[in-house]
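The values are calculated or read from the model by the stated rules, or taken from the named source; none is laboratory data. Bear in mind that the values here come from a model prediction, so they are computed numbers and not experimental data. Using ideal geometry, Cβ is built from the backbone for each residue, glycine included, and neighbour counts are taken over all protein chains shown.
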Amino acid sequence: MGPLQALSCMLLLASLASSAAPPPSGYRSTLTHIDSKLGFTKAQLMRRAVHRSRLRAASMLPGYSTTLSSSNAGPRLRSGQAEYLMELAIGTPPVPFVALADTGSDLTWTQCQPCRLCFSQDTPVYDPTTSSSFSPVPCSSATCLSIWSRNCTPTVLCRYRHGYEDGAYSAGGLGTETITFGSSALGEAPAASAGGVAFGCGTDNGGDSYSSTGTVGLGRRSLSLVAQLGVGKFSYCLTNFFNTSLGSPLPAMPDMVLHFAGGADMTLHRDNYMSFDKEDSSFCLNIAGTTWTSILGNFQQQNIQMLFDITVGQMSFVPTDCSKL
């Protein structure tokens, strides 16, 4: 496992068995921590993660408002509210793009040319005119009816606008494309591609986005990536990116157990809830209290393989050394 993979985690998509035909082996893509290539110290990584968590929590509170950048500067990414980003490629030939893997939304989108308003990004902005596999979606199609059905004629193309709780949004046209997982362009092999995937081609993107160049929707409805791929289950496994206890004087601590409805118990070892800040010589509890809802954070999920069965709306988990997957 190379240095980049050691700092990332893997997303696995696995199809349910079918009596009609043998299922595909699935799709695999890399999830990269947002700070993995920026050279921060462990203490800085922890503080940045705390800052993002607070922003994320604040954006979900009633009355939250976001401050947009000036029109001259274009939209700006704050510290971002994502922790892990998914690396894929789109089009023919494939163009790499990095997006938030979002289990809470359904639409997959990326920034597109001609861009009226776009976030700055490291990878090229996707241009549908240079791809031989791009096809626009008419508003009269069944694919479009799930998001837009007003003032539709046979010649009108499908439009979308997708908003987030923090005020960020993406708008543009719906199209179909080939999505590549594990492409050689991203340093992985072998590649696996899926054609005809409906996605949002974002030419107007604004606000403080909690993704970088787009979002991969992993929800349950028809436009989600997993639904379009005919996938019944998907899983991901987060490595311990922060190495919070490696070489630190953390004492022996008891396991923490989260009890879920239905009788499931999730056991968290010391490294899932506690860290040591060497610069301040202090112990840190990696859990923050809220008054409105509970969120299972990425620290608690590290080295636990999370499995989602979207056919029945069920989540399960198993302790795993994610670095060995």
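How about segment 126-152: which of its residues are in a loop (DSSP other than H, G, I, E, B), closer than 19 Å to Asp106 by Cα and not β-branched (Val, Ile, Thr)? Hits for segment 126-152 are Cys139, Ser141, Ser146, Trp148, Ser149.
Restricting the first member to segment 300-313 and to residues that are outside the structural domain of Glu83 (by TED's automatic domain parsing), and the second to residues that are outside any strand (DSSP E or B) and among the charged types (D, E, K, R), the beta-carbon pairs closer than 8 Å and six or more apart or on different chains are Gln302/Asp271; Asn303/Asp271; Asn303/Asp321; Ile310/Arg220; Gly313/Arg220.
Apart from one condition, Ser275 fits all of (1) assigned to a loop (DSSP other than H, G, I, E, B); (2) modelled with pLDDT under 85; the exception is (1). In the condition set (1) crowded, with 17+ Cβ neighbours inside 10 Å; (2) touching a Phe, Trp or Tyr at 6+ places or on another chain (Cβ under 8 Å); (3) modelled with pLDDT under 50, Gly74 is compliant with all but (1). Candidates Gly230, Gly289, Gly297, Gly263: the one that is on the phi > 0 side of the Ramachandran plot, out of contact with any Cys (no Cβ under 8 Å at 6 or more places or on another chain) and not assigned by TED's automatic domain parsing to the domain that holds Phe40 is Gly263. The residues listed here are Asp277, Asp255; of these, the one that is without any contact (Cβ under 8 Å) to a residue 24 or more places away in the chain and surrounded by fewer than 18 Cβ atoms within 10 Å (Cβ to Cβ) is Asp255. Considering segment 293-313, and only residues there that are over 15 Å from Gly219 (Cα atoms), in a loop (DSSP other than H, G, I, E, B) and not hydrophobic (A, V, I, L, M, F, W, C), the residue that is modelled with the highest pLDDT turns out to be Asn303.
Within segment 171-179, is even one residue closer than 24 Å to Phe308 by Cα, within 17 Å of the chain's Cα centre (by Cα) and either outside the structural domain of Pro93 (by TED's automatic domain parsing) or modelled with pLDDT of 90 or more (or both)? Checked segment 171-179: at least one residue is closer than 24 Å to Phe308 by Cα, within 17 Å of the chain's Cα centre (by Cα) and either outside the structural domain of Pro93 (by TED's automatic domain parsing) or modelled with pLDDT of 90 or more (or both). Leu85 falls short of the stated requirement of being under 23 Å from Leu38 (Cα atoms) and at pLDDT below 50.
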